[in-house]
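Below is one structure; the comments refer to it alone.
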Amino acid sequence: MDLKAAVYYGRRDVRIETVPDPPAPGAGELVLAVGCVGICGTDVAEYVHGPRMIPLQTRHAVSGHCGPLIPGHEFVGQIVAIGPQVQGLTVGQRVVPGAGMWCGQCRWCLAGQSHLCARYFVYGLHADGGLATFVRVPACMCAVVPPACPDESAAMAQPLAIALHALRSSGVRREDRLALIGVGGMGSFILAAAHAAGLTSIMALDVDERRLERAALLGASSLIQVRKEDPLAAVDRLSQFDGADVVIEASGAPSAPLLALAAVRRGGRVLLVGLQGQPTTLDLHELVLREVALLSCNGHDCSVDLPRALTMLSESDLASRMLERIIPLEQLVSEGLQALAAGSVHGKILVRPGPASVSSAAPPAGAGVAQVHSEGGREHRLAQQPLTI
């Protein structure tokens, strides 16, 4: 069987190639037939400016990978083979991997903060990911997809889980005034999640008018266009409220942290989500005088946020409002990575590596006979939980 994959070779060099079958699943592992894959700003940054995170020249200290890599860390797949020591999962089920793998032994893992694991690595960035016909992943980071959730929705669970983690970290309440700086890729997921969670006062700030138009469709109650030459002028629009109760900075723009601190009220909270490319200067004197809490977050809690994201995607039209288009694997570069890099796309792009439905996909030759092994293994089960922030 010819298995297709996107392979990253370096800056602006991603090729669609025939690749070998994935190895048979080892202890605690699954082989998935990939249904849909989302691409995001991180993928685009690696394509345009990388390698930044992909271990192309030097072996990764944890994953052990070195050299060309299959990207894709937002994906859904159907189980076609199960390794030893996996319980609670069966061949034919659809799952979403959380993408980030943890050790389970460091002080952060033992404290329930596996997303801060000292040996954390990400499938699709530090090890082969989901932009392929088949992929091998750890079972422990997979959440079962509800039957009512199609692949096109489930593929958005991983970024939505990050958005839910951000909302929880911010401490925002339904009655709060939330200001969201940057409503691009991750910002739009945070906005949609906040709206679905019942927030009614959400101010969306962005330099891009088309992003703001989409923000209105996702639930923003007011739109503020930020001028690149004078970003702090946007704060004037917030003066009638004495500032926002919570400000989430999701753009990563150099001036955005300063704007966030200016937009928050006395005693409010600022959560930094966007990654800064360079060090930035903040007025900490003013921050202390106004008792502003400055927080940050990254990633998600796989056992908590991922099931909640799937619940939300199953019970709402969030995915359809986020989706821009679905493309085949062969168009990944031209209609996906390059289009996002050019700023001509403002919604979510999904890639379909294989057939329209993974239900008919045959297991790769290297996967061996699909069966469940339970000896000595802990039961793997992620229960669906009600949405909370």
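Could you tell me whether GLY28 is in contact (Cβ under 8 Å) with a residue 40 or more places away in the chain, at positive phi and in contact with a strand residue (DSSP E or B) (Cβ under 7 Å, 6 or more places away or on another chain)? Spelling it out, GLY28 is indeed in contact (Cβ under 8 Å) with a residue 40 or more places away in the chain, at positive phi and in contact with a strand residue (DSSP E or B) (Cβ under 7 Å, 6 or more places away or on another chain). When every residue of segment 228-240 is checked against the conditions, none turns out to be among the acidic types (Asp, Glu) and under 21 Å from the mean Cα position of the chain (by Cα). Looking only at segment 239-269, how many residues end up being hydrophobic (A, V, I, L, M, F, W, C) and either at positive phi or assigned to a helix (DSSP H, G or I) (or both)? Number of matching residues: 8.
Of the residues that make up segment 207-214, is at least one closer than 19 Å to LEU275 by Cα and over 21 Å from the mean Cα position of the chain (by Cα)? Looking for residues that are closer than 19 Å to LEU275 by Cα and over 21 Å from the mean Cα position of the chain (by Cα), one finds at least one in segment 207-214, hence yes. Taken over segment 131-153, the criterion of being within 18 Å of LEU329 (Cβ to Cβ), buried (at least 24 other Cβ atoms within 10 Å of the Cβ) and outside the structural domain of PRO55 (by TED's automatic domain parsing) is satisfied by ASP151 alone. Of the strands (runs of 3 or more DSSP E) entirely within segment 74-187, those holding at least 1 residues that are touching a helix residue (DSSP H, G or I) at 6+ places or on another chain (Cβ under 9 Å), hydrophobic (A, V, I, L, M, F, W, C) and within 20 Å of ASP305 (Cβ to Cβ) occupy 74-82, 94-97, 142-144, 177-181. Taking the conditions exactly as written (surrounded by fewer than 17 Cβ atoms within 10 Å (Cβ to Cβ) and not aliphatic (A, V, I, L, M)), does GLN57 satisfy them or not? Yes.
In this entry, ASP128 is excluded by the filter for residues that are closer than 16 Å to GLY72 by Cβ, of a type in the set (D, E, K, R), outside the structural domain of THR42 (by TED's automatic domain parsing) and buried (at least 19 other Cβ atoms within 10 Å of the Cβ).
For the structure I just gave you, tell me whether ASP21 is surrounded by fewer than 24 Cβ atoms within 10 Å (Cβ to Cβ) and over 18 Å from GLU335 (Cα atoms). Taking the combined requirement at face value, the residue satisfies it.
If you go through segment 271-314 and keep only what is touching a Cys at 6+ places or on another chain (Cβ under 9 Å) and without any contact (Cβ under 8 Å) to a residue 60 or more places away in the chain, you end up with just LEU272. Restrict the check to segment 200-212 and report whether at least one residue is closer than 17 Å to ARG237 by Cα, in contact (Cβ under 8 Å) with a residue 24 or more places away in the chain and part of a helix (DSSP H, G or I). Taking every residue of segment 200-212 in turn, at least one turns out to be closer than 17 Å to ARG237 by Cα, in contact (Cβ under 8 Å) with a residue 24 or more places away in the chain and part of a helix (DSSP H, G or I). Tell me yes or no: at least one residue of segment 217-233 is surrounded by fewer than 21 Cβ atoms within 10 Å (Cβ to Cβ) and either closer than 22 Å to SER296 by Cα or assigned by TED's automatic domain parsing to the domain that holds HIS346 (or both). For segment 217-233, residues surrounded by fewer than 21 Cβ atoms within 10 Å (Cβ to Cβ) and either closer than 22 Å to SER296 by Cα or assigned by TED's automatic domain parsing to the domain that holds HIS346 (or both): present.
Conditions (1) touching a helix residue (DSSP H, G or I) at 6+ places or on another chain (Cβ under 7 Å); (2) crowded, with 18+ Cβ neighbours inside 10 Å; (3) closer than 18 Å to PHE189 by Cα, marked per residue:
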site	(1), (2), (3)
ARG269	yes, yes, no
SER320	no, no, yes
SER334	no, no, no
PRO353	yes, yes, no
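The values are calculated or read from the model by the stated rules, or taken from the named source; none is laboratory data. No experiment lies behind these values; they were computed from the predicted model shown. Note that we place each Cβ from the backbone using ideal geometry, even for glycine, and neighbour counts take in every protein chain shown.
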